[in-house]
Structures are given as C-alpha cells and as structure tokens.
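Right, one structure below, let's go through it.
The values are calculated or read from the model by the stated rules, or taken from the named source; none is laboratory data. Values in this document were obtained by computation on a predicted structure and should not be read as measured data. Because the Cβ atoms are built from the backbone with ideal geometry, glycine has one as well, and the counts that use them run over all protein chains shown. Accessible surface is based on the protein model in full, side chains and every heavy atom, while ligands, DNA and RNA are left aside. Shrake-Rupley method; radii C 1.70, N 1.55, O 1.52, S 1.80 Å.
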Amino acid sequence: MDYYERNTLGFRLRQRRFAQFRRLLEQVYDERGQVNILDMGGTGTYWRIAGSTLTDYNCHVHLVNPDLTEVPAHPNFRLERRDARDLRHLPDQAFDVVHSNSVIEHVGGWQDMRSFAREVRRLAPRYFVQTPNFWFPVEPHFRAPLFHWLPEQLRARALQHIHLGFADQKQADMDEAMCRVHGVCLLDKAQMATLFPDARIETETFALLTKSLIAVRDGLS
C-alpha cells in the first residue's frame with residue numbers, strides 16, 4: 001500500500017500537516033525570494049504532498065538520509081547519505097528551515113534523540129519537527145491499538161506470532177523482534193518540549209485526540 005497516494009486518509013492528514021509547514025516557507029520566501037530546506041531523514045516520496053509549493057516558493061531541498069537510494073528527478077533536490085545525529089560538516093545556520101516528519105522516534109534512545117534535536121536547532125533559524133504522540137491509543141508503525149503501551153517483552157513476543165504494521169512478515173526470532181521494537185521510541189509532549197526548548201509544541205488531532213506533536217520554531221514566537 002502506498003501511504004502517499006491521493007484520496008487516502010494518510011495522504012489527507014499529511015497534507016493538512018504540510019499546510020502548517022507552508023507558513024514557514026512563506027515567511028522565508030517573503031524575506032529572501034527562495035527557501036533552502038534541510039529535510040532530516042526524509043524521502044522524495046514524502047514531498048509529493050507539497051504539490052506546487054516547491055516551485056511556488058523556489059524551494060531547494062537537501063535530503064539527509066543514510067538509507068535512501070534515489071531522489072526525485074528534480075533539480076531542486078539533493079541527497080546526502082549521512083546520519084542526521086551528526087552533521088558537524090555543515091556550518092551553523094546553513095539552511096533557512098529544517099524539516100523532519102516522523103523520524104526522531106527512529107533514531108535511537110534518548111541520547112540519540114538529543115543529538116538529532118541538537119542538529120535540528122543548530123542548522124537553521126526555523127524548524128518543523130513532527131512525531132507521533134505516545135499517548136495516542138493507536139501505534140502508527142505497528143498499526144495496532146494500545147500496542148506501544150505493552151512491556152517490550154510482550155511486544156517482541158507478539159511480533160513473532162502476529163504480522164503487524166509495515167513489516168512483510170512475522171519476526172523470525174526474539175533478536176529480530178527486539179530490534180524492531182527498539183526501532184521505534186515514541187515521545188510525549190513533555191519530552192518534545194525538553195528536546196526543543198526554544199520551540200512551541202503544536203498538536204495534531206484526530207477524533208479529538210492528540211495524534212501527533214510538532215515542534216515549531218518560526219522566529220515569531
């Protein structure tokens with residue numbers, strides 16, 4: 001299933017979220033006539049939700065993703081296969097805006113998240129970092145209600161017996177299952193506020209519940 005196909009709920013939710021990000025692009029474009037974006041952990045597929053925005057605001061997107069093999073056939077995209085937790089080769093404030101969508105929960109434990117957040121805050125005066133909310137009752141990666149609230153041992157055992165989420169098959173053994181469990185570490189609002197103390201934490205709701213958290217630094221707050 002392609003979760004970026006039009007006319008799906010996922011696509012519509014991402015479009016609504018992107019409309020919030022577009023406000024940052026408008027600010028920069030009004031000031032500079034172009035926007036240099038660092039997308040930490042992003043993919044070219046994700047940017048299909050942007051529609052004509054990249055052209056409208058003269059955006060240049062620098063994708064940092066160690067696992068990505070292809071970028072869009074578009075001159076305004078550039079790929080760098082590096083670990084977003086350590087981008088010391090890039091100077092401070094090298095970009096206009098840093099963007100990250102559903103990535104920080106995959107970078108590792110708390111120290112890894114701190115490193116990721118440090119680079120976000122260092123590399124641009126504005127940023128937009130989204131992550132699923134720990135307290136939303138449906139875990140978005142495993143696509144199962146309450147799954148992320150179970151002890152990790154139970155989650156690992158379940159993954160060996162049940163096909164959940166985006167994986168093509170059940171996990172073969174405990175080691176494989178634990179690696180998958182530890183590959184996702186959801187955050188709550190207090191944790192996001194700690195990682196991004198100079199941002200405001202916005203919420204994205206679904207069915208009156210907070211589905212996602214977004215750390216936004218726009219230079220206006």
Can you work out which of the residues in the range 72-86 that are within 17 Å of the chain's Cα centre (by Cα) and among the aliphatic types (A, V, I, L, M) is modelled with the lowest pLDDT? 79
Within the range 187-201, identify whether any single residue is over 19 Å from residue 128 (Cβ atoms), open to solvent by 50 Å² or more (accessible area, probe 1.4 Å) and not charged (D, E, K, R), and answer yes or no. yes
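Whether any residue in the range 48-57 is in contact with a Leu (Cβ under 6 Å, 6 or more places away or on another chain), β-branched (Val, Ile, Thr), surrounded by 16 or more Cβ atoms within 10 Å (Cβ to Cβ) and at pLDDT 85 or above is what I want to check. Give the steps one after another, and end with the answer.
Of the range 48-57, the ones in contact with a Leu (Cβ under 6 Å, 6 or more places away or on another chain) are 57.
Right, trim to β-branched (Val, Ile, Thr) and you get none.
Checked the range 48-57: no residue is in contact with a Leu (Cβ under 6 Å, 6 or more places away or on another chain), β-branched (Val, Ile, Thr), surrounded by 16 or more Cβ atoms within 10 Å (Cβ to Cβ) and at pLDDT 85 or above.
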Any idea which residue in the range 27-44 is surrounded by the fewest Cβ atoms within 10 Å (Cβ to Cβ), counting only those that are touching a residue at least 24 places away in the same chain (Cβ under 8 Å) and among the charged types (D, E, K, R)? 32
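Can you tell me which residue in the range 17-26 is surrounded by the most Cβ atoms within 10 Å (Cβ to Cβ), limited to those that are touching a residue at least 60 places away in the same chain (Cβ under 8 Å) and basic (Lys, Arg)?
Filtering the range 17-26 for residues touching a residue at least 60 places away in the same chain (Cβ under 8 Å) gives 17, 20-21, 23-25.
In the following step, the residues that additionally are basic (Lys, Arg) were identified as 17, 23.
Numbers: 17: 20, 23: 12.
Taking the candidates together, the pick is 17.
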Looking at the range 106-116, can you tell me whether even one residue there is among the polar types (S, T, N, Q), under 29 Å from residue 184 (Cβ atoms), free of Cβ contacts under 8 Å to residues at least 60 places away in the same chain and outside any helix (DSSP H, G or I)? no
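Residues to consider are 126, 143, 122, 118; find the one that is among the charged types (D, E, K, R) and either farther than 30 Å from residue 27 by Cα or modelled with pLDDT under 95 (or both). Don't jump to the end; show me each part of the working.
Working: 126 fails: either farther than 30 Å from residue 27 by Cα or modelled with pLDDT under 95 (or both); 122 fails: either farther than 30 Å from residue 27 by Cα or modelled with pLDDT under 95 (or both); 118 fails: either farther than 30 Å from residue 27 by Cα or modelled with pLDDT under 95 (or both).
After applying the criteria, what remains is 143.
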Would you say residue 131 is under 21 Å from residue 23 (Cβ atoms), of a type in the set (S, T, N, Q) and modelled with pLDDT of 95 or more? yes
